[in-house]
Amino acid sequence: KAPSDHLAAMLDRRNLRPQFDVFLEAVLEHCKKMFHSWKSADIWESLPCEVLFPFTQANISVHLCQTKQWIQGQHGGHYHYVRWFEFIERETTGADYQSGHWKYGTDGRRLSKAEQKEARKRYKEYMNPLKAKRDAEALEPTYEGSSSGM
């Protein structure tokens, strides 16, 4: 599958398109062996570190992200999981940016539940700055009139 326009532009700008193709081939090769038993940890651990190294050298973090949604059926339900990789250009996002759905990544350990909650909040603010600004303005106290006491 072709990368998104933003990812393609970043890969071309940094001359990492061949490394992305190698990464994609490695993901497909390792994940097809795990059909019907994909676990995020297994996916992440199955990737050879050689395919991640060019991105970390270029200051690009690679995150394996996951979200789940409960699907209700006639006789019960089940969770539907969606997993994807995010390529985070640190010069653009800053060193402290974390995806709200990050499970595993080149930045180190897995996030705790509290850190995931905070990361989701910051992710929403990052993705929708106008909404975050409106929410912040709504929380600011408004003062009518002046009470200087003089």
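Residue check: Glu29 meets all listed conditions (1) surrounded by 14 or more Cβ atoms within 10 Å (Cβ to Cβ); (2) part of a helix (DSSP H, G or I) but one, namely (1).
Scanning region 47-94 for residues that are within 17 Å of Met10 (Cα to Cα) and part of a strand (DSSP E or B) returns Ile60, Ser61, Val62, His63, Phe85, Glu86, Phe87, Ile88, Glu89. From the list Gln19, Gln72, Gln57, the one residue that fits, being over 18 Å from the mean Cα position of the chain (by Cα) and surrounded by 15 or more Cβ atoms within 10 Å (Cβ to Cβ), is Gln19. Condition first: of a type in the set (Phe, Trp, Tyr) and either more than 12 Å from the chain's Cα centre (by Cα) or at pLDDT 70 or above (or both). Now tell me which residues in region 76-103 satisfy that. Selection gives Tyr79, Tyr81, Trp84, Phe85, Phe87, Tyr97.
The values are calculated or read from the model by the stated rules, or taken from the named source; none is laboratory data. All of these numbers come straight from a predicted model, not from anything done at the bench. Positions of Cβ are backbone-derived with ideal geometry, glycine not excepted, and every protein chain shown enters the neighbour counts.
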